[in-house]
Amino acid sequence: MVYAMSEKRGLALHWKIVIGLLLGALVGLSINATWTSGTWAGMGVNDAAAFLAGKASEANAEAGVLAAACRFAVNASRFVGDLFLRGLRFIAVPIVLFSLVAGVAGLGDVRKLGRMGAKTIVLFLSTSVVAATLGLLLGRFVDPGSFVSAELREQIASAQGSLAASKVSSAASVRESLSAWQQVLNAVPTNPFEALAKGEMLQVVVLALLVGIGLTFVPAEKSAPVVRFFDTLGDAMMHIVRLLMHMAPYAVFCLVAPIAASFGLEVFHGLGVYFITVIVGLAVMTYLVYPLILRTLVGRKHGVSVREFFRAIAPAQLLAFSSSSSAATLPVTIECSRDRLGVSEDIAGFVCPLGATINMDGTAVFQGVSIMFLAEVYGVPLTLADQVQVIIFATLISVGSPGIPGSSIVLMIIVLQSLGIPAEGIALILGVERLLDMCRTVVNVTGDSMVAAVVGASEGKLVRPVPGSVE
């Protein structure tokens, strides 16, 4: 609520990010078209790379005040962009650890969840696997990264520096040298504190899951303070995420401008194909996968057709699109499921809040396409084991994914790091991320209502809505 109120005081954050993207692209493309080695020479700089790096060079001895101002602007731009990326890396480990532990422990005693809880969790996890797989398949089939030329991909990869290239090469060689069995075994940390210190994200996820599950077996009077501790720290991390996202418009400008200046207009061709691919994946999930599950497990015999379902949840979908927050939409989601769809109050009150916590199918689709796109752009080959790892990641971290705008960017850092893909690739997708976030939230809320209908029907607690209630 505080986040929403802060946006009402001025221009909404997503519009600021779009403006930052457009200005960064405009400035970068202008520099790409007009700035040449002759421009530097006219300012007394004959070795631009050495000059920008601050290295002494006789060739740059005559560089004047204007050249120094240009160097300051370039270095300041790099600083802002790198600071934003460093902040995202900083927040990745604690946000997953705290949110996932609190999310799993908050489910209650797994032995007492009962039939309804088991059905709900299985449905949510199953749709998350389908969504992540769909994203990977679309990313592999469409291959939006291929719309960026091979020459440009090589330039982008080399522009990240030898350190990033060595990390990618090292990660790829390590993955190829390990069997699938060994990779699964390596997911279990031998020293959890070492995993946290080194940022071994898959091990951190497993650690958080095990701690969360362990807390569900501890008596409530003992576990409650610990769960509140993790929950409070998770909330604190969310506030840091919000602060970082308010820095995003400036960071987007500083990250996009150098890319556009170096590589020109061609780099944005692949971004457009990527954007359309994600939208197609989200549409398939919403209008093909969910209706298929609804027809199969509910059907008209329970009084709800696919058409009636979408008419019933339309208010929740609209609010989800405008707010980009499944958590903020939760009261409307419950109301639509209960009063317009006909799900009993106890079912809706259980399934929908749980879905707002662990159902992030839209994010899973987004991650699948994004990983394939960035892997192609940076020339990082993904084996079948790597792709299975992406599916596992997308499914597991959906449990701890907060239902607020911008959280998917933090989660994206986790997957990129695990695969050895440079995190700088975030700059290529951050400008369109807000609109995709709005669409992803619609998918998440639709999935919550769909599962509520399926569980309600299976428990005999899905009744035909009052005539005219879904008009």
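Computed quantities for the displayed model
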read-out	value
Test: residue in the range 340-352 that is surrounded by fewer than 21 Cβ atoms within 10 Å (Cβ to Cβ), at pLDDT 80 or above and either more than 20 Å from M412 (Cβ to Cβ) or hydroxyl-bearing (S, T, Y) (or both)	yes
Test: residue in the range 149-172 that is at pLDDT 85 or above, of a type outside the set (F, W, Y) and surrounded by fewer than 19 Cβ atoms within 10 Å (Cβ to Cβ)	no
Criterion violated by V226 - all others in (1) at pLDDT 75 or above; (2) open to solvent by 40 Å² or more (accessible area, probe 1.4 Å); (3) touching a Gly at 6+ places or on another chain (Cβ under 9 Å) satisfied	(3)
Any hit, the range 178-191, residues being modelled with pLDDT of 75 or more, surrounded by 14 or more Cβ atoms within 10 Å (Cβ to Cβ) and more than 15 Å from A105 (Cβ to Cβ)	yes
Residues located in the range 374-386, provided they are in contact (Cβ under 8 Å) with a residue 40 or more places away in the chain and either open to solvent by 10 Å² or more (accessible area, probe 1.4 Å) or more than 14 Å from the chain's Cα centre (by Cα) (or both)	A375, E376, V377, Y378, G379, V380, P381, T383, A385, D386
Matching helices (runs of 4 or more DSSP H) fully within the range 1-98 where at least 2 residues are over 30 Å from F393 (Cβ atoms) and at pLDDT 75 or above	13-34
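The values are calculated or read from the model by the stated rules, or taken from the named source; none is laboratory data. Just so you know, these numbers come straight off a predicted model, no measurement behind them. Backbone-built Cβ (ideal geometry, glycine too); neighbour counts: all protein chains shown. All accessible areas refer to the heavy atoms of the entire protein, side chains included, with ligands and DNA or RNA removed. Shrake-Rupley method; radii C 1.70, N 1.55, O 1.52, S 1.80 Å.
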